[in-house]
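Just below is one structure, and these are the notes that go with it.
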Amino acid sequence: MEKAILPDFQHFLSLHRLAPKKHIPFCAFWVSRFLKFRNENDKLDRDEQIRKFIITLRLENIEQWQLKQAEKAIRIYLKNFSFADKVLDKMVNRKSISDEFKKVLALMKENIRIKHFSYSTERAYVNWAKRFFNFIMSEKHKTAPGQLSSKDVRDFLSFLALKERISSSSQNQAFNALLFLFRNTLKIDLEGMDKTVRAKRGLKIPVVLSVKEVQEIFKQIKGEKLLMLKILYGTGMRLMELARLRVQDIDFDFNTVVVRGGKGDKDRTTMLPQAVRDELKTHLEAIKILHQNDIKAGYGEVYLPGSLASKYPQAAKEWKWQYVFPMSKLSVDPRSGKVRRHHVSPSTIQKTIKRAVEDSGICKHATVHTLRHSFATHLLMNGVNIREVQELLGHKHVETTMVYTHVLRDMSKAPKSPLDNLYETKHH
């Protein structure tokens, strides 16, 4: 339980300004190491555990200021995070939720992890549950889960739509979060929720870059970041699919990339562009050296999906399971508290393309996902069958892929404007 609350510990440090922002992840790192040390020395009292842990750090030639940082972080943690998820009160924006609701939030987290939802989904769902509980306490004056009903959910969703005016996608995410909360955690049947109308979005034509615009964007970037964008455009992968790509998922012999656990938890195969083969091999050689150095330093683990970590204890350190694009630094896993080399941060890729679009002077709202839209559209322009494009994108229904035919029509087969006909007639 204590390891699982490290993200909240970091939030606690930030909330109370107990450490500079840039030092907070390191504070969590020292605490995670101490927790492991404490489990191995549980017969000692707390002060003796801290003293001996600091001695072990000193033997590693850790600088004096880091030793002080570690001891301070550990004492703050032990004072405020003894057993359960006590910091939930600090996470709530309005007023403290009841103890009953805190227990529900903890149970909801556990149920989400049992179903192997992603960490980002966990955070989103739990945050919606917190907002819902705040609404219930402030508007309905209810303080216990047993008092909740379908009407409370409908009132909250109406509040989000009419007063907070959140987007349709956020409304639907809130609906899904509360559906999970009631069905899987509270075990309460949401009667009449089938009559709840989800927020609808009209047909949105995706932003697509021309081939020339893609080239201009690539000119603004170098190195590993350029390689990532090339692969995104050349394979049609989503942002998180690229970030979570493992070494074993690249097949240089068959020129394919296997996308594991994509949207809807589905696997699929896409092509490996010839244009990045050599560059990617060179990149992997450098990453392998980084991994070997991590192993020598006593680390080298990566997160493994599902129950693989318990089934194959040594697999997390194997080369084939490593991320193709890892972070430059080790970090603390927010769920397990283990020190690992996580995959590249999605925001890093997002900021890269945003800056590149601005520098290239392209006046389109182009994002990382725009490269996926461009991949699909350019394939259709080159005569690839729409069913094949559907498979490469991992769309469940071909109707989803059909949106690119609208773009294709706009780009290549748009009818001639009557204004052009008017001026051509006048010219003749």
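The values are calculated or read from the model by the stated rules, or taken from the named source; none is laboratory data. A quick note: this is a predicted structure, and the numbers were derived from the prediction, not measured. No Cβ is skipped: glycine too gets one built from the backbone with ideal geometry, and neighbour counts run over all protein chains shown.
Could you tell me whether the range 63-74 includes any residue that is small (Gly, Ala, Ser), at pLDDT 90 or above, surrounded by 19 or more Cβ atoms within 10 Å (Cβ to Cβ) and in contact with a Leu (Cβ under 7 Å, 6 or more places away or on another chain)? Yes. On inspection, ASP47 does not qualify as at pLDDT below 80 and either assigned to a helix (DSSP H, G or I) or surrounded by fewer than 17 Cβ atoms within 10 Å (Cβ to Cβ) (or both). The residue that is surrounded by the most Cβ atoms within 10 Å (Cβ to Cβ), among those in the range 289-330 that are acidic (Asp, Glu) and not in a helix (DSSP H, G or I), is GLU301. Among residues of the range 79-105 being surrounded by 17 or more Cβ atoms within 10 Å (Cβ to Cβ) and modelled with pLDDT of 80 or more, the one that is farthest from ARG183 (Cα to Cα) is LYS102.
Okay, residues lined up against (1) under 30 Å from ILE289 (Cα atoms); (2) under 18 Å from the mean Cα position of the chain (by Cα); (3) surrounded by fewer than 21 Cβ atoms within 10 Å (Cβ to Cβ); (4) of a type outside the set (Asp, Glu):
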position	(1), (2), (3), (4)
SER345	yes, yes, yes, yes
LYS351	yes, yes, yes, yes
VAL357	no, no, no, yes
CYS363	no, no, yes, yes
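Checking the stated criteria, PRO305 turns out not to satisfy the condition of being without any contact (Cβ under 8 Å) to a residue 24 or more places away in the chain and not acidic (Asp, Glu).
Within the option set THR185, THR196, being hydroxyl-bearing (Ser, Thr, Tyr), at pLDDT 85 or above and over 30 Å from ALA376 (Cβ atoms) holds for one residue only, THR185. Among the criteria (1) aliphatic (A, V, I, L, M); (2) farther than 19 Å from THR352 by Cα; (3) not in a helix (DSSP H, G or I), the one ILE221 does not fulfil is (2). Selection over the range 351-382 of residues that are among the hydrophobic types (A, V, I, L, M, F, W, C) and either in contact with an Asp or Glu (Cβ under 6 Å, 6 or more places away or on another chain) or assigned to a loop (DSSP other than H, G, I, E, B) (or both) gives a count of 3. Close contacts from the range 381-403, counting a first residue that is acidic (Asp, Glu) and a second that is in a helix (DSSP H, G or I), with Cβ to Cβ under 6 Å and a gap of 6+ residues or different chains, come to none at all. Pairing residues of the range 348-369 that are under 18 Å from ARG238 (Cα atoms) and in contact (Cβ under 8 Å) with a residue 40 or more places away in the chain with residues that are of a type in the set (S, T, N, Q) and surrounded by 14 or more Cβ atoms within 10 Å (Cβ to Cβ), at Cβ distances under 6 Å and at least 6 apart in sequence or on separate chains, gives VAL368/GLN350.
Filtering MET411, MET402 for residues that are modelled with pLDDT of 80 or more and surrounded by 12 or more Cβ atoms within 10 Å (Cβ to Cβ) leaves a single hit, MET402.
Within the range 17-28, the set of residues being in contact (Cβ under 8 Å) with a residue 60 or more places away in the chain and surrounded by fewer than 19 Cβ atoms within 10 Å (Cβ to Cβ) comprises just one member, PRO25.
Applying the set (1) of a type in the set (Ser, Thr, Tyr); (2) over 22 Å from the mean Cα position of the chain (by Cα); (3) surrounded by fewer than 17 Cβ atoms within 10 Å (Cβ to Cβ) to THR377 leaves exactly one unmet item: (3).
Residues checked against (1) in contact (Cβ under 8 Å) with a residue 24 or more places away in the chain; (2) assigned to a helix (DSSP H, G or I):
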residue	(1), (2)
GLN248	yes, yes
ASP253	no, no
LYS263	yes, no
LYS266	yes, no
VAL276	yes, yes
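If you go through the range 331-350 and keep only what is part of a strand (DSSP E or B) and over 24 Å from LYS222 (Cβ atoms), you end up with SER331, VAL332, VAL339, ARG340. Looking only at the range 107-116, decide whether some residue is assigned to a helix (DSSP H, G or I), of a type in the set (A, V, I, L, M, F, W, C), closer than 18 Å to PHE175 by Cβ and at pLDDT 85 or above. Yes, the conditions are met somewhere in the range 107-116.
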